[in-house]
Amino acid sequence: METASDNPASGPSAAALFSRDHKVIAKQFLALGLAFLAVGGFMAMLIRWQMAHPAAPVPLVGRALFGAAGGIISPAAYTSLFTMHGTIMIFFAVTPILIGAFGNFCIPLMIGARDMAFPTLNMLSVWTMAAATGTLTASFFVPLGAPQAGWTAYATLSTAVGTPGLGQTLWVVAIYLNGASSVMGAINYITTIIRERAPGMTWLRLPLTVWGFLMTSILNALFVPVLAAGMVLLFFDRVFGTQFFIAGSTIKGGGDPILYQHLFWLFGHPEVYILILPAWGIVSDLLAFFARKPAYGYRVTVGAFVAVTALSSLVYGHHMFTTGMSPLLGESFMVLTMIISVPAVLLFLNWLGTLWRGSIHLDTPMLYCLGLVFTFGVGGLTGLFLADIVADMYLHDTYFVVGHFHLIMGAAVLLAIFAGLTFWFPKMFGRMMNEPLGKLHFWLTIVSLNVVFGGQLVIGYAGMQRRLYDPSVYEFLRPLLPLNQLISRAAFVLGAAQLIFVVNFFWSLARGRRAPENPWQVGTLEWSTSSPPPHHNFDAIPVVNHGPHELGNPLVLARLGRDWLGQTEAAELAWPARTAPEGPAASEGVEPPDVAGPPAAPEGTT
Amino acid sequence: MPYGPPRDASLDGHLVDGAFAYLTFTTGICFAIVVVVMGIALLFHRQRAGRVAHYTHGDRRRDHVLTLGVAVAMFLGIDAVLAGRSLGHLETRFWSYPDADPAAVRVEVTAQQWAWTFRLAGPDGRFGTRDDVVTLNELQVPAGRPIYLKLHSKDVIHSLYLPAFRTKIDAVPGQTTRLWFQAREAGRYELGCAQHCGVSHYKMRGEMMATPDADWQRWLDRAVQDARLRYDATPDTALGAWDWEQG
Amino acid sequence: MSLAATALGPGRREASASRGPATATIGMAIFLGAAAMLFAAMFFAYGVMRAQAPAWPPPGQAPLPRGALGANTLLLAAASLVLRAALAAARRGNAARARTRAGAALGLGAAFLVAQIVVWRALVLGGAGPTSGIYGSVFFAISGLHALHVFGGLLALAVVLARGASSVARTERRLALAALYWDFVLAVWLLFFFGACLR
Ligand code: HEA
Ligand code: HEA
Ligand code: CUA
Ligand SMILES: [Cu+2]
């Protein structure tokens, strides 16, 4: 183990599997996550096939997958499909890519560290995740079939009463292991960000990406254990025959199925911010980089991240408005949910402020980011509809909810993944991704994405429930078939468009243009080392003098002839001649270096 | 509308539609502004030879005031107005149950995989007696009178969903939930299950017949006679019925 | 916990200076925060179960053996105290005494686990096992999860002892982490014992 991680040239050898290098671990998470993204996406295609052509044999793959049923998706198979699609996408695709891969790759490089604070724990985290994926995969192949209780696994359906098979038990174990991996990652990320920042990297000089990961990790550390508790109790119910979630008698006392929902959503709502915070961080940085302007209102953005993190656990009841919760509780959750949209609006305004009067470069990562801003806007605003109890009585458990969260997770978060991949690909693999292919992928994706998820909103408003095997059972849903078919066509285009990305990915890996050290001409630390970085990241630990987005500073332009300034470059470069850094310069917007927060760097870092 | 919701047949459904319309309108305007601002930036603030981005961190006091001001204004204009209206509607309409209303028709709903059972108390007004009328997947109600449901479930969580009445409520094992509504006009309306409750969740469909009060009375009388004939006093028959007041 | 065990490979020395006691302590603190949330959620479930029962213990359920559990509590508290004493010895530079005391703490912790198992066995044999009703279920779930954490602490302590005393300072650092963890495990148990088992 020790030797593997210390060999700078560790290629894809067996030894690299046990590497403790954060960059190698990041690639392991990436490979795992992308593979499952493909699986989850494929399942989405099957779901859409069933919605467009209920109980018709699936073309091409039907015989192979559903041979026993003559190529038709059975109700049981459909139930497993959406359960596993949701589970895989959230826990086994987005989590490993966004948090596992990007978090691992970016945090040490962006804060100027040699590695994570606890490299062995990091390796353990990826292996726990691997064990979780193994367990989940196994759940497909056991007697009585794959899990069928939905990604939320509501009791009593998820107990042995509703889903007796071994598959559901394995699901519980897989989620538990997945959570353990996330908590390990969170411990590492938080400690690394607190302790391993390079000298001069004050809290307010951190790239917003790092802030996003920090807040995500805090939520992971605090709320994944709550899910774990739910899984432990569910496991007890399923395996030992206890009755935590099975209603008991009023005389002897007993379990409560609603308790499961409290535990699940007390985790589940923070979870959605766990997924969006890194995306927010990435897009806040990238918009600045490609508009060649400092991120507008950096402090407000950071404040918004913190506010969302603080509030996130206080709103979870909005998923339970129709369970008959007490009126006072329901009303509080409704108002709190509406309040949490204020920081989101602040973020949004700051993004617009960053774009405004910029010099916008429409490289592929930027296109993905702009698409993200658009889809997150629609997705977030539809969240307000659901936050209103009166509207939610009608919209709850319809496709309107499905449309809401896909616009955020299936569109915005997915686009953040594409943006991050194209942006950091050169640093990860030393080659550029192909721009024309990337642009083609972007346009096909963004158009079809909006048809699919916008269509889901319309269908949900028309009243169609989620998780319906065959909507035509209901008369009032029959006229929606053409719309469902349109959505499915668009989804197939969307799915096919992803093949372009796959091709681009592998082609660029092998043949892409060699990446220079700093292809995007930006100043954050990861771009001050070679592409890909050496094993130890930086030859000398950098000393930081500037914030992350020192772009378009006229003084720098005059002095250096370029519009960006590295975070490590001399402090005076950004200041008018002979002005002490302490005195705020007359020129607007030039801010004094921040000294807020704990000591910049632990003594003796270098 | 070609792909709109089913026609609203309830007394209070228009409040739901109103909230939806209000949100669509206000958030639509905000989003349109956002798109226009983005569009202008993308059209006119693009990279060009010689163009230099305007240098600002947007971290001066007036930038903060601007963003905070817009956010608070949005909150007050959209969220707060909506919350005020909705809280009022919940207090005065949706959560103001007709406990004391003698005209209200009370129904016990039992959900199970994958069917709905509806129980009316009959003339004696008490549940679990020999004049109870029990129907499967079909709910008979009078139009123009409040309908007051109490629900529970025998196995897993279900959710009674009445799209034409813009409402739904979960049926939970081990506890009682309640819902009230009123049909504005007679008609046949679909009801369904909205909460994933197993493989045949999609089949858990039923119908609600709203008939003029007199017709409904006639139906009830006949049904009560049938029920009396069929009643046998084994505990099975009363199973699923519980004391209304206890719930 | 592998926190204390993240020794550095060669070539990472430069970054390692900052990975002193503070880094490990922060990592441990975050871990304990996560574990605290796990138990908080379990206690929340306990509270809901208890609030919904007509009486506690529900009719027909024998109350928990409070005396035996109280004795076990003393064992666990003793383990924690002795570990603190071991840490104090290490701080004074007395490596040998630190090791014997840590060994004693290990023994006391193990004795706690055994004693818990005895209680469980008695309960199961007496018909008050985990499936006997909600009263038994919550007790077994929480005390079982707690016992797992105690077991983890025993392993960690065993590792500290087995690693030997390459230097007193290092032993001291590891003992400090172990003591922190043991205090946490004790705190959870005290909360459960006084807040739930006794009332
Ligand atoms: C990453 C994922 C993510 C994110 C970020 C959000 C964000 C939000 N969500 Fe969502 N949500 C989910 C994922 C997410 N959600 C999922 C997965 C479910 C369903 C789970 C299931 O049941 O399976 C769900 C379900 C869900 C429900 C329950 C619905 C139901 O089941 O009945 C509710 C109800 O309140 C809700 C509300 C919100 C709100 C108010 C926000 C807010 O944070 C949104 C804030 C954003 C904005 C307000 C828009 C941005 C601002 C603008 C566009 C600027 C406007 C213009 C100007 C200033 C000029 N969500
Ligand atoms: C992050 C989360 C996420 C993502 C990205 C998606 C993506 C998609 N989802 Fe999913 N979905 C959920 C989370 C997500 N979904 C959840 C939580 C549920 C609820 C489950 C439940 O009810 O329990 C759900 C349910 C759900 C339903 C409702 C089912 C029902 O209620 O009956 C539908 C129906 O249309 C659907 C469709 C789609 C479609 C068309 C996509 C498309 O965006 C998919 C397009 C993507 C691809 C085709 C994959 C691309 C692959 C790559 C890019 C791989 C690259 C690989 C290499 C380079 C090696 N989803
Ligand atoms: Cu009953 Cu779905
Ligand atoms: Cu939520």
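The values are calculated or read from the model by the stated rules, or taken from the named source; none is laboratory data. Note that the coordinates shown come from a computational prediction; the quantities given were computed from them, not determined experimentally. All Cβ positions, glycine included, derive from the backbone under ideal geometry; neighbour counts span all protein chains shown.
Structure summary
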read-out: Pair list, Cβ under 7 Å, 6 or more apart: the stretch A:459-474 residue of a type in the set (Val, Ile, Thr), other residue within 14 Å of ligand 1 (Cβ to nearest atom); value: A:Ile459/A:Tyr399
read-out: Residue among A:Gly281, A:Gly303, A:Gly297 that alone is touching a helix residue (DSSP H, G or I) at 6+ places or on another chain (Cβ under 9 Å), within 14 Å of ligand 1 (Cβ to nearest atom) and within 14 Å of chain B (Cβ to nearest Cβ); value: A:Gly297
read-out: Candidates A:Pro108, A:Pro54, filtered to the one that is more than 16 Å from ligand 1 (Cβ to nearest atom), in contact (Cβ under 8 Å) with a residue 60 or more places away in the chain and not in a helix (DSSP H, G or I); value: A:Pro54
read-out: Within the stretch A:205-320, helices (runs of 4 or more DSSP H) holding 1 or more residues that are surrounded by 24 or more Cβ atoms within 10 Å (Cβ to Cβ) and among the charged types (D, E, K, R); value: A:257-291
read-out: Which numbered condition B:Phe118 fails, given (1) within 14 Å of chain A (Cβ to nearest Cβ); (2) without any contact (Cβ under 8 Å) to a residue 24 or more places away in the chain; (3) aromatic (Phe, Trp, Tyr); value: (1)
read-out: The stretch B:30-59, residues that are part of a helix (DSSP H, G or I), closer than 14 Å to A:Ser359 by Cα and at the interface with chain A (Cβ under 7 Å from one of its Cβ atoms); value: B:Met38, B:Ala41, B:Leu42
read-out: Selection status of A:Val315, within 19 Å of A:Phe267 (Cα to Cα) and touching a residue at least 24 places away in the same chain (Cβ under 8 Å); value: yes
read-out: Failed item, numbered, when A:Gly380 is tested on (1) surrounded by fewer than 21 Cβ atoms within 10 Å (Cβ to Cβ); (2) within 16 Å of ligand 2 (Cβ to nearest atom); value: (1)
read-out: Failed criterion for A:His404 (all others in (1) within 16 Å of ligand 4 (Cβ to nearest atom); (2) crowded, with 22+ Cβ neighbours inside 10 Å; (3) at the interface with chain B (Cβ under 7 Å from one of its Cβ atoms) hold); value: (3)
read-out: Positions within the stretch B:73-91 being under 30 Å from A:His549 (Cβ atoms) and more than 7 Å from chain A (Cβ to nearest Cβ), in sequence order; value: B:Ala73
read-out: Any chance A:Thr163 is closer than 27 Å to A:Val402 by Cα, at pLDDT below 95 and among the polar types (S, T, N, Q); value: yes
read-out: Some residue of the stretch B:215-235 being more than 16 Å from ligand 4 (Cβ to nearest atom), at the interface with another protein chain (Cβ under 10 Å from one of its Cβ atoms) and either touching a Leu at 6+ places or on another chain (Cβ under 9 Å) or modelled with pLDDT under 95 (or both); value: no
read-out: Residue that is farthest from ligand 1 (Cβ to nearest atom), among those in the stretch B:170-179 that are in a strand (DSSP E or B) and crowded, with 24+ Cβ neighbours inside 10 Å; value: B:Pro173
read-out: Filter pass, A:Asp388 being within 16 Å of ligand 4 (Cβ to nearest atom) and charged (D, E, K, R); value: yes
read-out: Flag for A:Ala186 being touching a Lys or Arg at 6+ places or on another chain (Cβ under 7 Å) and either outside any helix (DSSP H, G or I) or of a type outside the set (Phe, Trp, Tyr) (or both); value: no
read-out: Cβ pairs under 7 Å, 6+ apart, first in the stretch B:216-232 and closer than 13 Å to B:Arg130 by Cα, second modelled with pLDDT of 85 or more and charged (D, E, K, R); value: B:Ala227/B:Asp132
read-out: Subset of the stretch A:451-491 [surrounded by fewer than 23 Cβ atoms within 10 Å (Cβ to Cβ), within 16 Å of ligand 3 (Cβ to nearest atom) and in a loop (DSSP other than H, G, I, E, B)]; value: A:Arg466, A:Arg467, A:Asp470, A:Tyr474
read-out: Condition broken by B:Arg145, with the remaining ones in (1) under 18 Å from the mean Cα position of the chain (by Cα); (2) surrounded by fewer than 19 Cβ atoms within 10 Å (Cβ to Cβ); (3) more than 15 Å from B:Leu220 (Cβ to Cβ) satisfied; value: (3)
read-out: Filter result (without any contact (Cβ under 8 Å) to a residue 60 or more places away in the chain and within 24 Å of A:Ala26 (Cα to Cα)) within the stretch A:127-173; value: A:Trp127, A:Thr128, A:Ala131, A:Ala132, A:Gly134, A:Thr135, A:Leu136, A:Thr137
read-out: Criterion: buried (at least 24 other Cβ atoms within 10 Å of the Cβ), farther than 21 Å from B:Thr27 by Cα and among the small types (Gly, Ala, Ser) - qualifying residue of A:Gly371, A:Gly324, A:Gly358; value: A:Gly358
read-out: Residues being in a helix (DSSP H, G or I) and more than 9 Å from chain B (Cβ to nearest Cβ) - total across the stretch A:354-391; value: 14
read-out: Of residues in the stretch C:146-177 being under 10 Å from the mean Cα position of the chain (by Cα) and of a type in the set (A, V, I, L, M, F, W, C), the one nearest to C:Ala105 (Cα to Cα); value: C:Leu154
read-out: Every residue from the stretch A:423-448 that is assigned to a helix (DSSP H, G or I) and either of a type in the set (Lys, Arg) or touching a Ser or Thr at 6+ places or on another chain (Cβ under 7 Å) (or both); value: A:Phe425, A:Pro426, A:Lys427, A:Glu435, A:Gly438, A:Lys439, A:Phe442
read-out: Selection from the stretch A:53-76 of residues that are within 14 Å of chain B (Cβ to nearest Cβ) and either among the charged types (D, E, K, R) or more than 18 Å from A:Ser472 (Cβ to Cβ) (or both); value: A:Ala69, A:Ala76
read-out: Qualifying residue in the stretch B:7-15 (condition: in contact with a Gly (Cβ under 6 Å, 6 or more places away or on another chain), without any contact (Cβ under 8 Å) to a residue 12 or more places away in the chain, more than 16 Å from ligand 3 (Cβ to nearest atom) and farther than 24 Å from A:Ala344 by Cβ); value: no
read-out: Close pairs (7 angstrom Cβ cut-off, 6 or more residues apart or separate chains): more than 8 Å from chain A (Cβ to nearest Cβ) and within 16 Å of ligand 3 (Cβ to nearest atom) in the stretch B:176-205, among the hydrophobic types (A, V, I, L, M, F, W, C) and part of a loop (DSSP other than H, G, I, E, B) anywhere; value: B:Met204/B:Trp114; B:Met204/B:Cys197
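Matching residues to (1) under 20 Å from the mean Cα position of the chain (by Cα); (2) farther than 25 Å from A:Arg467 by Cα; (3) away from chain C (no Cβ under 14 Å); (4) within 16 Å of ligand 4 (Cβ to nearest atom):
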residue: A:Pro96; (1), (2), (3), (4): yes, yes, yes, no
residue: A:Ile99; (1), (2), (3), (4): yes, yes, yes, no
residue: A:Phe105; (1), (2), (3), (4): yes, yes, yes, no
residue: A:Gly112; (1), (2), (3), (4): no, yes, no, no
residue: A:Thr120; (1), (2), (3), (4): no, yes, no, no
residue: A:Ala149; (1), (2), (3), (4): no, no, yes, no
residue: A:Gly167; (1), (2), (3), (4): no, no, yes, no
residue: A:Ile187; (1), (2), (3), (4): yes, yes, no, no
